Amino acid sequence: MRLGVLDVGSNTVHLLVVDAHPGARPIPAASNKSVLRLMRYLDDDGSISEEGVDAIVTAVTEAANVARKSGIDEMLAFATSAIREATNGAEVLQRAEEAAGIRLDVLSGADEARITFLAVRRWYGWSAGRVLLFDIGGGSLEIAHGGDEIPDVASSVPLGAGRSTIRFLSDDPPSEKQVKRLREHARELLEATVEEFGGIPESDHVVGSSKTIRSLAKLAGSTEEGVGSEERSILKLSHLDDWIPRLARIPADARPALPGITEDRTFQIVAGGIVLSETMRAFKAKTLEVSPWALREGLILRRLDRLT
C-alpha cells in the first residue's frame, strides 16, 4: 500500500509518502516539507497566533494536495508538542481539518518516545540488546530505554531545540551567558529525568534519532562500517562539545555553510547541540549511534503491524 505520513511538528510540517507492505522496509516515494518554526508564533497566553494558525493550515493543505497527487491509499497524520501544548490547539486542529480534509491525531510525549523506540529497535534489530534512545524535536526531548520493542521507560522532557532557542538563546549569535543558562536549565531537568529512569540504565547501545541529531553527527561525528553496505554514523560527546562553542559564535545565516547544517535547522542547532550534550552527560554516554529511522518510520511500522 502507499502510505502518507504527515508530521505537524514544532519546526516543520513534513509529508513523507512511502510504498510499504508487511515484512518489507518502507520505500520513500515522495516528500513535501514546510519550515514553520511554530515557537515563534506562541503568544503570552500559550496560544498559537493567528499568523501561526494560518501558516499551519496552509502547510497542511499543501501537503494534502501532494499526498492526493501521489495516489496514497491511507494518510497517517499527527501533531506533536507545539499543538499539543497550545491553549488553542483544538481550534487549530479543527481549522486544518476543515481546510485540508485531514484529521490530525495528537500524540503525547510518551507516545512519541515509544513509537520512535519501535523504529529504532526495528532498524538495529534484536541483536542490539538494551537500547537507550534520545530524540530531540522542536518542542521536546524524548528518552526511552528497554530491551524489547516496547520500552521499559519512556519520557518526554520540555527541552526541544526550538523551545530552548526561543526561551534561552534570544540573541544571534547567542551570548556565553545565554548558553550557560540553557546548560544549567537542561541539567536541572535531566537530573530529575535520570531519577525517573531509576538511575543510569544498563545499555548495550545508546542511539540518537531526529533531524537535529543527524545534523550534529554530520558536523561533528564520524562513520564506521555497519551491517551490509550502509555505514554507521557515530557521534562522540567530546567532539560535540568541541563544536558547540564554535557554532555558538557563528550567526545563524552563516551556519548552513557548515557540513550537515540545513537552513531549516540553522536557528536551533546550537540549542539542539547543548541539549544533546547535557543529555549524554546526564546519562553518562560518551558516544551514540545515529538512527536514520525515527517517529515517522515508527508510525508506518505500527500501521503495518496492525495490518498483519
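The values are calculated or read from the model by the stated rules, or taken from the named source; none is laboratory data. Keep in mind the model is a prediction, meaning the values are calculated, not measured. Don't worry about glycine lacking a Cβ; one is built from the backbone with ideal geometry, like all the others, and counts go over all protein chains shown. Quick note on the areas: whole protein, heavy atoms, side chains included, nothing else; ligands and nucleic acids left out. Shrake-Rupley method; radii C 1.70, N 1.55, O 1.52, S 1.80 Å.
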*For residue 110, all conditions in the list (1) among the aliphatic types (A, V, I, L, M); (2) surrounded by 16 or more Cβ atoms within 10 Å (Cβ to Cβ); (3) within 19 Å of the chain's Cα centre (by Cα) hold save one; what is the number of the exception?*
(2)
*For segment 263-281, how many residues meet the condition of being within 14 Å of residue 238 (Cα to Cα) and open to solvent by 10 Å² or more (accessible area, probe 1.4 Å)?*
1
*asked:* If residue 255 satisfies all but one of (1) without any contact (Cβ under 8 Å) to a residue 60 or more places away in the chain; (2) open to solvent by less than 20 Å² (accessible area, probe 1.4 Å); (3) closer than 26 Å to residue 167 by Cβ; (4) not in a helix (DSSP H, G or I), what's the number of the condition it fails?
replied: (4)
*For segment 159-170, enumerate the residues that are among the aliphatic types (A, V, I, L, M), open to solvent by less than 10 Å² (accessible area, probe 1.4 Å) and not in a helix (DSSP H, G or I).*
159
*Starting from segment 128-146, take each residue that is over 17 Å from residue 111 (Cβ atoms) and list its partners that are surrounded by fewer than 24 Cβ atoms within 10 Å (Cβ to Cβ) and of a type in the set (Phe, Trp, Tyr), counting only C-beta distances under 9 angstrom and pairs at least six apart or across chains.*
131/124; 132/197; 132/283
*Among the strands (runs of 3 or more DSSP E) contained in segment 105-158, which hold 1 or more residues that are farther than 30 Å from residue 95 by Cβ and of a type in the set (Ser, Thr, Tyr)?*
153-157
*Take the residues of segment 204-243 that are polar (S, T, N, Q) and out of contact with any strand residue (DSSP E or B) (no Cβ under 8 Å at 6 or more places or on another chain): which is surrounded by the fewest Cβ atoms within 10 Å (Cβ to Cβ)?*
229
*Wholly within segment 2-77, which strands (runs of 3 or more DSSP E) include no fewer than the required count, namely at least 1 residues that are open to solvent by 60 Å² or more (accessible area, probe 1.4 Å) and more than 22 Å from residue 115 (Cβ to Cβ)?*
27-35
_Selection within segment 34-69 - touching a residue at least 40 places away in the same chain (Cβ under 8 Å) and of a type in the set (Ser, Thr, Tyr)_ = 47
